[in-house]
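Down below is the structure, laid out as structure tokens.
The values are calculated or read from the model by the stated rules, or taken from the named source; none is laboratory data. No experiment lies behind these values; they were computed from the predicted model shown. Please note: Cβ atoms are built from the backbone with ideal geometry, for glycine as well, and neighbour counts cover all protein chains shown.
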Amino acid sequence: MVEQETVAEAGTTEGAPAYRGRLGPVVRVIEYAEAAIGALLLTAILVMILAQVIVRVTPLGGWVWTGELARFSMLWLTFIVAGYLLGRDQHVSISIIDHFLSARGQRMVKVFAQLVVGAVCLGFVYEGVGLIEAQAGIRSSAARIPNSMLYLVPTIGFALTAVRALIGPFVRKESSR
Amino acid sequence: MTLAIMGIAIVVLLFFRVPIAFAILGPCYCYLWYTEQSLGSGLRVAAQGVNSWPLLAVPLFVLVGVSATRAGIADRLFDFALAMVGRVRGSLGYVNIGVSVGFSWMSGSALADAAGLGSVEVPAMRKRGYPARFAVGLSGASSAIGPIMPPSIPAIVYAAVAVVSTGALFAASVVPAFLLAIALAITVYIWARKREELRTERFSMAVLGRTFVRASGAMLTPVIILGGILGGLFTPTEAAAIAAVYMLLLGFIYRTVKPRDLFGIFRDTVMTTASIMIILAASTLLGWILAREQVPQTVADAIFSFTDNKVVFLLLVNVFLLLFGAIIEPTSALVISVPILLPIAMEFGIDPIHFGVIVILNLMIGLLTPPMGGVVFVLSSVTGIPIADVFRGVSPFLIPLIAVLMVVTFVPELALWLPSLVNL
């Protein structure tokens, strides 16, 4: 079975995790920032694509950088909200094992899954740092955006996801879901 | 050997509830480390998977779907369809299919359709005396129309992976989507023909006119999307952007969307998009590793040693994809299977656009079958009907869906007629 919140529920405060102690407000701010950056990047994609249509039907000339910037925005959007999705169990996962386990067993499996996600993300943070260093000085062909910037946002996304995954099992209360 | 261990690790991690994207990325990372690939190659390949112009249509079409849901389009389409066929026996069954067809022009995701429409259709059908299993089964089956009719998220992903025209694939999907609707309507007719009590609404020209006006704005969306693409005015990505703006404007005009709702609409769109795209990124890395290990060639050799018959190959592909789609999420299934199967299909002389329609149909049927059945679980969640009942409700409708799949598989003209008509 594939588990994912429905479109209507995604991103709302319903089902948002609660955190013990003083960490709650900090995580809330991070979540809000992630969602806001994601919404801004989506707006950028929409504006860039519309701009491309407009310049094609007007004598403004070709803005090749709009397509490139829109593509980069989608790449950044994908990774920057990975932690937000993890914090709210909104990544697509297969929850068939829940049917065979007690409540305690289910909690242990969730902790295991989170620790695996944390380890994977740390690996990709390491990859990202290497890639950023390797790509220093190279710029994209149209928008002239440094390639290091291209990979910086996914690396930050993996880092935020790793933090969420690794602290989650210890500071997160059971969510309402 | 390394590849086998990687495959087993992915399956084990998936079973232990690790999110699909990370269950794929983890073993892939270990493979890169074990085979001493250069640092950063994993992230670079995964990022390339989503850094694609055709895929930009995904967030924009998701935005169209989320905006349509918030704008209350489903209710308007439902009222119009009911006014049109309410007098017919089993009318709500046809309404269910009609609304799915109408909404499918605004949404390309079966899960979103099941969530958005299921919550409207199933209670309405149960209230008018339809059995819960029939209502939820039909809603599940009709939600498969959404990702087949353009705009279709799986079609955009297939087009990007197979490097074919998204517009051509959109055009090729129109006839199969209508065939699905007709096959489901025939099933409803057979089921309802002896149920006189299911003839509910009186026909009223005034109500029909009023509901038509209320739904007419939404019914213009296919004109913008498919008309724009087939007419050569926009690329699919541009059509998606224009349709998104149009749908938001409709919401404002209907007063169902207010400026303060925009952040929520955009946030929901981002989260839905990111949950798809991160799987796509991970699957791209897995596909890269499979290609590096020459898995497509090995599979091709195995298939050609087994058969050189096109019909047998297509049957094998259908069985494989139905099973694969039943156990794995469609985006991953698509990104992993297409680079392996498409070159073999082309060796057999199968058109890549036709093959795309076959792949998408199979994987969407997989959303309705155990053990994964994403649509089934969404419907159970939004209607409160137990999962086992939803599966039982959906199962009779698999017959018309598989019948359409077979017809589309073996009559390629059904898919290829429209693209050739508009020179795509």
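Structure above, values below:
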| item | result |
| --- | --- |
| Helices (runs of 4 or more DSSP H) completely within the range B:227-307 that count 3 or more residues being at pLDDT 90 or above and either of a type in the set (D, E, K, R) or over 27 Å from B:L334 (Cα atoms) (or both) | B:236-254, B:262-292 |
| Helices (runs of 4 or more DSSP H) contained in the range B:320-424 and holding at least 1 residues of a type in the set (S, T, N, Q), at pLDDT 90 or above and surrounded by 21 or more Cβ atoms within 10 Å (Cβ to Cβ) | B:352-366, B:398-410 |
| Residue in the range B:21-38 that is more than 7 Å from chain A (Cβ to nearest Cβ) and within 25 Å of B:F170 (Cα to Cα) present | no |
| Residue that is in contact (Cβ under 8 Å) with a residue 40 or more places away in the chain and either away from chain A (no Cβ under 14 Å) or of a type in the set (D, E) (or both), where the choices are B:V223, B:V207 | B:V207 |
| Members of the range A:67-93 that are more than 18 Å from B:A281 (Cα to Cα) and either surrounded by 22 or more Cβ atoms within 10 Å (Cβ to Cβ) or of a type in the set (G, A, S) (or both) | A:G67, A:G87, A:R88 |
| From A:V92, A:V81, residue being closer than 21 Å to B:R267 by Cβ, facing chain B (nearest Cβ under 9 Å), touching a strand residue (DSSP E or B) at 6+ places or on another chain (Cβ under 8 Å) and among the hydrophobic types (A, V, I, L, M, F, W, C) | A:V92 |
| Residue selected from the range A:24-52 under the condition buried (at least 19 other Cβ atoms within 10 Å of the Cβ) and more than 14 Å from the chain's Cα centre (by Cα), by the criterion farthest from the other protein chains (Cβ to nearest Cβ) | A:V27 |
| Subset of the range A:94-133 (residues that are surrounded by fewer than 21 Cβ atoms within 10 Å (Cβ to Cβ), polar (S, T, N, Q) and part of a helix (DSSP H, G or I)) | A:Q106 |
| Whichever residue in the range A:143-174 is modelled with pLDDT under 80 and under 20 Å from the mean Cα position of the chain (by Cα) and, among such residues, is surrounded by the fewest Cβ atoms within 10 Å (Cβ to Cβ) | A:P169 |
| Pair list, Cβ < 6 Å and 6+ apart or interchain, from the range A:87-111 residues that are in contact (Cβ under 8 Å) with a residue 40 or more places away in the chain to residues that are among the β-branched types (V, I, T) | A:V92/A:V2; A:V92/B:I20 |
| Selected residue [buried (at least 24 other Cβ atoms within 10 Å of the Cβ) and part of a helix (DSSP H, G or I)] from B:V101, B:V161 | B:V161 |
| So B:L43, is it within 7 Å of another protein chain (Cβ to nearest Cβ) and modelled with pLDDT under 90 | no |
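This table checks each residue for (1) of a type outside the set (K, R); (2) more than 20 Å from B:G42 (Cα to Cα); (3) within 23 Å of the chain's Cα centre (by Cα).
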residue	(1), (2), (3)
A:S93	yes, yes, yes
A:C121	yes, no, yes
A:Y126	yes, no, yes
A:V129	yes, no, yes
A:E133	yes, no, yes
A:S141	yes, yes, no
